[in-house]
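These notes are about the structure you will find just below.
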């Protein structure tokens, strides 16, 4: 039974609609208008998928009608009514699209082929007046109100086919075919009609109307799938209901998605189905109906409370597919076969320990590390280290702080799996000291420089070069020196700033004279003093 949970196709249409409305909120440019063509093409492909899926459902009605006309006849008739009304509204929307395009570009426009609008052939994509002229007209006398009425009539018709107890189906139809007016904004009271057709570029209107056609097919699918399910609902008598949860996995890695389906499962405790495991084939009877039969080796699953129990302990890793048929005897004595298929992946519980930034640990730093085991929740993993400490920050993220560079660091990992604590191996990493930074003045490490540029500098900086960690080093002191008349003249700074005495030495320098920044002492996050290489400049 359908419910409020959206199918992937419904989610795709919703996302495309959000993209469309976001584009409408932008200042319209040629690039934005071209984007509507892309969105319209995407919606059209989605509609084609809807139509293909719906056609398969209608064929299912025909096949079941051939098997049991008395039971299926009334449901198939209702489905045919849905098909007729859906096609009528879909074609009506297409006629309005054609009307808008031909009004703007003439009856001979290349954008209309066999009564269908081709969006990427529209020339007047930016036309803001014709859509409103056709759809709104003067004093709201255009076609928009007729379109809204047609959608509402179609919506009410579909709802009339669904009993009140199926609230999920009714809600899905109402949401898909919603024609309510948008809320007032900035003192204005827009209507559904003005929201879709008032001063909107023609290509945007085409895309909005294509989205409406998709909604028609979406609602059609909701209705006919519900009707089809009612055939089976009336075919068997169930005496037990159970809330059931089916999830894709009960172990979710960070960044992955957890998905579960919750529904009521009905079963008959007095009649267990047959669950056959193996290969099956599709057969077509002489009357055109389709059935299924097993081929080759066939295994039968034990059945518990109406459900087959499949249990296996894999002896090797890899991807495995399995399939079969569920057979159930109907009230008229015939058998109904329904195929199924599933798969599962078997893998070793492999250990993953990887430094976030590099393949070594650095003494004196907080080295980020990710530790994970596929299929095992992060809170069931334990890590230890023989050199320093390792601390979990969150999820799979850890911080390693080595104590000494005298030896390497070994990370050991264990995990609780099925209630048992298991050692899953170790990984060894090198421990290194943080490399020295590089000193620079005026962004340079030496070479030719003008006296004016050098004298204008404020100090000496120390930067890490080619190091993945974002570390800050501060220059504590340095000396500026030069040779004047055969004698060394120098001046010391007790910070990273150039002193006035040092600046005087620089300003008095002559062309080709050499100025040296030496005895540079810098301190990093570990508090250790680093003596950096001398920087030599030649005044030009």
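The values are calculated or read from the model by the stated rules, or taken from the named source; none is laboratory data. Not measured: the values here are computed from a predicted model. Here Cβ is always computed from backbone atoms with ideal geometry, including for glycine, and neighbour counts include all displayed protein chains.
Assorted remarks:
- The stretch 391-423 - residue that is surrounded by 17 or more Cβ atoms within 10 Å (Cβ to Cβ) and touching a helix residue (DSSP H, G or I) at 6+ places or on another chain (Cβ under 6 Å) and, of those, nearest to residue 368 (Cα to Cα): 396
- Residue that is modelled with the lowest pLDDT, among those in the stretch 112-139 that are surrounded by fewer than 18 Cβ atoms within 10 Å (Cβ to Cβ) and in a helix (DSSP H, G or I): 139
- So residue 109, is it touching a helix residue (DSSP H, G or I) at 6+ places or on another chain (Cβ under 7 Å) and assigned to a helix (DSSP H, G or I): no
- Test: residue in the stretch 256-273 that is over 33 Å from the mean Cα position of the chain (by Cα), modelled with pLDDT of 65 or more and closer than 30 Å to residue 377 by Cβ: no
- Of the candidates 400, 411, the single residue that is modelled with pLDDT of 90 or more, in a strand (DSSP E or B) and within 11 Å of residue 431 (Cβ to Cβ) is 400.
- Some residue of the stretch 74-91 being within 18 Å of residue 113 (Cα to Cα), in the same structural domain as residue 207 (by TED's automatic domain parsing) and touching a helix residue (DSSP H, G or I) at 6+ places or on another chain (Cβ under 7 Å): yes
- Here residue 82 fulfils each of the conditions (1) more than 23 Å from residue 150 (Cβ to Cβ); (2) touching a residue at least 40 places away in the same chain (Cβ under 8 Å) apart from (1).
- Any hit, the stretch 373-390, residues being in a loop (DSSP other than H, G, I, E, B), modelled with pLDDT of 85 or more and surrounded by 19 or more Cβ atoms within 10 Å (Cβ to Cβ): yes
- Residue within the stretch 279-292 that is under 27 Å from the mean Cα position of the chain (by Cα), part of a strand (DSSP E or B) and either at pLDDT below 85 or surrounded by fewer than 20 Cβ atoms within 10 Å (Cβ to Cβ) (or both) present: no
- Taking the stretch 357-372 as the range and being more than 16 Å from residue 430 (Cβ to Cβ) and either part of a strand (DSSP E or B) or in contact with a helix residue (DSSP H, G or I) (Cβ under 8 Å, 6 or more places away or on another chain) (or both) as the test, the residues that pass are 368, 370, 371, 372.
- The one condition in (1) surrounded by 13 or more Cβ atoms within 10 Å (Cβ to Cβ); (2) outside the structural domain of residue 402 (by TED's automatic domain parsing); (3) in a strand (DSSP E or B); (4) on the phi < 0 side of the Ramachandran plot that residue 426 fails to fulfil: (2)
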